[in-house]
Amino acid sequence: MQPTSIELERQARLWIIEAGERIKRAIQQPLEINSKSGPDDLVTDVDKSTEAFLHEKITTTYPNHHFLGEEGVADKLSSLQGTVWIVDPIDGTMNFVHQKQNFAISIGIIEDGVGTVGLVYDVIKGELFHAIKGKGLYVNDLKVNLPEDRPLHEAIIGLNANWLVEKRPIQPTLINLVQTCRGTRSYGSAALEMAYVAVDRMDAYISLNLSPWDYAGGTILLNEANCLATRFNGEELSMLNKGSMVAAKRKLHAVLVKDYLSNEVIS
């Protein structure tokens, strides 16, 4: 019998907290650090061991489910039929390496193409952001109220400063956006920044290049907070392919897409 979303969320909460405890123990030991696509794209032995731990738990308990992870433990998926767990074992690896904080484990559960369960766990702060489709957003056991939708000139936007200095077609647009909004922040973890939008700590988060494991869990949190996460042109995010993303409260999202992002070419 197929487990319900409530059952999946309950099990995922147990595993993500257990994985966090393993990370807190491992973080006290010397780390094995390597780079992937470049010197700023880091991976550690803890990323890999955390993904392996979650993969073993999920596939042993639910052998008919699929698993998509960042660090190489993944099914070769061409569709989202069935139940797919999309996992980022440590989102914010650079923070994990340099700060030992401001990183998260992210899990999104997709059932027949629909996001039904999302979890983002700030391991060090002990904050678990979690949601089931249609049942609201929670931080630990406290249900979160819907966030306030502020106008752009009062908004705090999550944005990596690299996008402002790199010579890209969108650079002038982003500079204009930064000059118009109230302020910007960059926490170095897409999953956490999406969670912060959902719980009203920020108003929007923008990134030019994210993968499904970066945002799978966060999109479900945002949906339950009546927020939106899409590509820059307003198209739905793909859970199989990477690309741009803007996450924001609904009215602000419409302004960002229409006036700042929809016509930009991302290269």
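Bear in mind these aren't lab numbers, they're just calculated from the coordinates by the rules spelled out. Keep in mind that this is a model prediction, so the values were computed, not measured. Every residue, glycine as well, gets a Cβ built from its backbone with ideal geometry; the counts of neighbours run over all protein chains shown.
Selection among THR173, LEU261, TYR187 by position relative to the dipole of the range 152-261 gives THR173 as farthest towards the positive end (Cβ unit charges, Cα centre). Relative to the dominant Cα principal axis of the chain, helix 171-180 is inclined by about 80°.
Contact order for the chain, expressed relative to its length and based on alpha carbon pairs under 8 Å spaced 6+ residues apart, stands at 16 percent. For the chain, the longest principal axis of the Cα atoms and the long axis of helix 5-26 meet at an angle of about 90 degrees.
When peptides 175-181, 151-157 are sorted by average Cβ neighbour count within 10 Å, with the highest value leading, the order is 151-157, 175-181. Packing here is the average count of other Cβ atoms within 10 Å per residue, and on that basis the peptides 21-29, 61-69, 193-201, highest first, run 193-201, 61-69, 21-29. Give the lysines reachable from LYS249 as a straight Cα distance under 20 Å; neighbours fewer than 8 places away on the same chain don't count. Once the sequence-local lysines are set aside, what remains near LYS249 is LYS133, LYS135, LYS143, LYS258. Straight-distance candidates among the lysines for linking to LYS48, with alpha-carbon spacing under 26 Å and chain neighbours fewer than 8 residues away dropped: LYS24, LYS36, LYS57, LYS76, LYS100, LYS125, LYS242.
Computed over the range 93-238, the quotient of the alpha carbon radius of gyration and 2.2 N^0.38 Å is 1.03. With the Cα gyration tensor of the range 176-267 giving a ≥ b ≥ c as the square roots of its eigenvalues, does the rule (a/c under 1.5 for rounded; else a/b larger than b/c for prolate; else oblate) give rounded, prolate or oblate? Rounded is the answer for the range 176-267, as its axis ratio a/c remains below 1.5. Across every pair of non-identical alpha carbons in the range 5-143, the mean reciprocal distance, once inverted, gives a Kirkwood radius of 15.4 Å. Using +1 at the Cβ of each Lys and Arg and -1 at the Cβ of each Asp and Glu in the chain, identify which of PHE96, LEU208, SER78 lies farthest towards the dipole's positive end. Farthest along the dipole direction, towards plus: LEU208. Applying Stokes-Einstein at 37 °C and 0.692 mPa s to the Kirkwood radius of the chain, computed over alpha-carbon pairs, gives a translational diffusion coefficient of 177 µm² s⁻¹.
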